[in-house]
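None of the figures in this text is laboratory data; all of them are computed from the coordinates on show. All of these numbers come straight from a predicted model, not from anything done at the bench. Quick reminder, even Gly has a Cβ in these numbers, built from the backbone with ideal geometry, and neighbours come from all protein chains shown.
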Amino acid sequence: MKTAMACMVLALTAVTGFSVGQAFAAGTGRAQTIIRNGGQPAIRGPARFFTGSVRIDPLYPAGNGMRSSGGSVTFEPGARSNWHIHPVGQVLIITSGVGRTHEWGKTIRELRPGDVVICPAGVKHWHGAKADSWFSHIAVGVPGEDISNEWLEPVTDEEYAKLK
Ligand code: MN
């Protein structure tokens with residue numbers, strides 16, 4: 001149970017900027033740590049943050065002087081995040097499928113594997129899959145004790161349909 005909770009916090013860190021606390025004290029800073037593929041349980045993207053089915057695979061935690069953490073996020077066709085704002089910013093590295101990113105008040109933009117999105121602090125936006133495609137990205141964020149994402153309203157089905 002404790003492990004599941006730690007993984008949940010860890011996975012959410014990449015997406016939400018939640019504090020990761022002392023997760024992964026394993027790295028001593030004096031030797032490499034290899035986190036094996038599949039070695040960390042995935043979690044379901046919480047319904048309060050996402051529309052549709054979203055899988056979050058934690059990749060690496062912040063720690064030992066490294067401020068960023070990373071996770072892989074996979075959206076089923078049509079799934080997307082709520083509108084949200086990152087307090088420190090976020091980098092998205094697209095790994096598969098076709099997706100969308102949308103800044104408040106601007107034109108929606110298509111994302112494909114190999115694309116990199118640098119989202120500054122304070123920008124209201126959402127990201128997710130195209131209606132007819134799966135979509136995965138690696139999300140790199142900066143967790144902290146006193147910072148967390150500002151999660152806002154969902155992207156409604158009507159709004160999402162208009163944005164195709
Ligand atoms: Mn974001």
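Starting from the Cα of A47, move 7 Å in the Cα-to-Cβ direction to define the label point; list residues of the range 126-156 whose amide nitrogen is under 19 Å from there.
The answer is 151-156, whose backbone nitrogens lie closer than 19 Å to the label point.
Give me the extension gain from E153 to I34: residue separation times 0.36 nm, minus the current Cα-Cα distance, reported in nm with one decimal.
Result: 39.1 nm gained on full extension.
For the range 36-164, what is the convex hull volume of the alpha-carbon atoms per residue, in Å³?
110
How far apart, in nanometres, would the label points at T95 and T107 be if each is projected 7 angstrom from Cα along the Cα-to-Cβ direction?
It is 3.0 nm.
So which trypsin sites (Lys or Arg not before Pro) in the range 51-90 are both in a DSSP loop and have at most 13 other Cβ atoms within 10 Å of their Cβ?
Listed in order of number, the matching sites are R67.
For the range 37-93, what's the radius of gyration and Dmax over Cα atoms, in angstrom?
12.6, 37
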